[in-house]
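Working notes for the structure below.
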Amino acid sequence: MRARTLAVAVAILVSVGVPASANHDKGDGYESCNAGEVCLYDLPSSSRWTNQFAWGAVYGTDYTWYDTVDNHYESWLVANDMSAVVNKQARCDVQFRDWSTGNTWTVGNDYFWREAPSYINQRADLHVLVNC
Amino acid sequence: MRGRVPFGGSLLAAALFLAACVGGVVEPDVPEEVPNPGGDLEASQPFRSLPTAQVVAIRRAVAEVRDRCMADRGFPQFLEVEIPDEAITALDDIGLGTYTFGPVTEEEARRFGYSPLLGFPPPFPGVVADDEAFELAVDECREEAWSKIGPAAEDTVRSLERLGSALHNAFVDALRASDAFQELHRRRLSCLAAAGFPARDGAGVWLRPEPGMFPVEFGDVIEVGGGESPPMEPGQVLVVDPPEVRYIPTQDEIELALEDVRCRAESDFAAEVAALAAVIQRDLLAEFEANLTELQIALDELVAGLGPAEGRG
């Protein structure tokens with residue numbers, strides 16, 4: 001029974017496809033970073049791997065990076081891996097938080113590329129919208 | 001530009017629940033609304049003396065003018081999405097939160113484990129646009145709204161919020177670096193090791209454990225509905241709802257969290273941390289007293305210029 005249940009679960013997962021759970025754009029659905037979005041990047045000096053949100057989000061195991069060059073989802077998680085951000089929110093700043101250290105990093109909605117400082121680089125567990 | 005990959009949220013959630021059942025993970029028992037920060041540990045901090053209510057009053061006044069200005073220019077979407085209190089300013093969330101160290105009660109440990117949603121304010125809908133006129137209106141309406149509050153209003157509020165952010169990071173860094181907290185941390189780890197949960201080396205001094213810090217598998221945050229990106233067209237402005245999410249802790253994680261709650265209770269961890277936090281925060285406020293006094297004077301002038309309804313709070 002256990003094996004059959006597992007098989008069903010795997011079959012559903014395969015039919016749905018892993019990328020669905022790791023969609024890189026939770027904003028307007030487009031690869032470019034557009035108005036209203038908080039655009040996260042895996043590397044401090046490259047926009048190749050991204051994930052974009054229109055709201056606050058806890059990353060957990062739900063989001064992986066999207067490769068905008070080869071157009072596929074990577075296996076590595078956004079959680080504890082963000083190194084840069086562009087905040088194109090219309091009304092709010094974005095604040096990144098690391099639960100383990102308690103550190104936070106707040107980024108204004110100025111449309112500029114911002115590298116994460118060392119205390120939050122590759123450590124953020126989530127982001128919330130603040131100073132709206 | 002690339003279209004969105006179709007999302008099968010409910011089907012995926014069903015698959016994940018099935019996988020969870022056969023993987024030794026407990027049934028999901030997380031309510032839609034997880035507890036938000038609040039309580040004695042948070043309320044008693046010296047950082048709460050910062051003029052948060054005045055900043056909230058100013059930001060609410062700015063938001064009202066800005067969002068009305070946007071509507072007058074043909075973009076009423078912001079009027080449809082009210083900003084929740086916890087998103088108005090980050091100033092009210094500095095220092096310790098109720099869940100800074102994980103679940104507080106055994107009941108919370110059983111239900112949530114170390115859910116990263118503990119202390120995470122529920123997200124609110126976003127407004128996304130593929131429209132240059134929208135972006136121009138955002139800039140102009142923001143400027144108009146701040147200028148109506150008073151000269152240098154935005155600078156004053158943002159300076160205070162930046163100072164709050166700096167105070168927060170200075171505080172958590174000083175807390176983790178202090179001998180007193182490191183002793184509390186050692187006692188916490190010893191208690192957990194005695195209960196069968198030895199911490200792995202190399203994690204440093206942490207506040208809330210994360211996956212990998214113990215030889216215990218942690219759970220997953222999963223989307224159980226919503227959150228689908230709309231098919232945007234050029235010139236469109238849309239309100240998009242965030243997905244509904246759940247955290248599914250593992251049984252081992254729950255056992256660890258339960259022992260952690262007991263260990264912290266036995267060692268009077270919360271009271272000792274609160275006392276230590278009070279000293280550190282008072283020292284930091286004293287260090288920045290000149291800046292805070294200057295900003296407070298500017299803030300008082302701005303609030304005095306608000307209308308009766310705007311000045312409440």
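If you look at just the Cα atoms of region A:19-130, how large are its Rg and its Dmax in Å?
12.4, 35
Give me, ordered by chain and number, the residues 5 or more places off residue B:245 or on other chains with an amide H under 5 Å from its own placed amide H.
Result for residue B:245 returns B:224.
Applying the Karplus parametrisation 6.51 cos²θ - 1.76 cosθ + 1.60 with θ = phi - 60° to the phi angles of region A:119-126, what ³J(HN,Hα) value in whole Hz is obtained for each residue in order, glycine and proline being reported as x?
6, 10, 4, 6, 10, 5, 9, 6
Show me, for region B:176-191, the HN-Hα J-couplings you get by feeding each phi into the Karplus relation (A = 6.51, B = -1.76, C = 1.60, θ = phi - 60°), rounded to Hz, glycine and proline as x.
5, 7, 6, 4, 5, 6, 5, 5, 4, 5, 4, 5, 4, 5, 4, 4
Using the Kirkwood formula on the Cα atoms of region B:47-162, what hydrodynamic radius do you get, in angstrom to one decimal?
Across region B:47-162, the inverse of the average 1/r is 16.6 Å.
If you place +1 on the Cβ of every Lys and Arg, -1 on the Cβ of every Asp and Glu, and leave all else neutral, what size is the dipole of region A:19-130 about its Cα centre, to the nearest 20 Debye?
Using only the charged Cβ atoms, the result is roughly 320 debye.
From the backbone phi of region B:146-159, what are the Karplus-calculated ³J(HN,Hα) couplings (6.51 cos²θ - 1.76 cosθ + 1.60, θ = phi - 60°) in whole Hz, Gly and Pro given as x?
Values, residue by residue: 5, 5, 6, 6, x, x, 6, 4, 5, 4, 5, 5, 5, 4 Hz.
Convert 20 °C to kelvin, take the viscosity as 1.002 mPa s, use the Kirkwood radius over C-alpha pairs of region B:106-197 as Rh, and evaluate the Stokes-Einstein diffusion coefficient in µm²/s, rounded to a whole number.
For these conditions, the coefficient is 115 µm²/s.
Enumerate the amide H contacts of residue A:64 below 5 Å, restricted to partners 5 or more residues apart or on another chain; note that Pro and chain-start residues carry no placed amide H.
So residue A:64 has HN proximity to A:78.
Return the long-range amide H neighbours of residue A:43 (sequence gap of 5 or more, or a different chain), with a cut-off of under 5 Å between placed amide H atoms.
Sorted by chain and number, the residues that satisfy this are A:49, A:83.
No lab work stands behind these numbers, since they all come straight from the coordinates. Just so you know, these numbers come straight off a predicted model, no measurement behind them. A quick note on method: Cβ atoms are made from the backbone with ideal geometry, for glycine too, and the neighbour counts reach across all protein chains shown.
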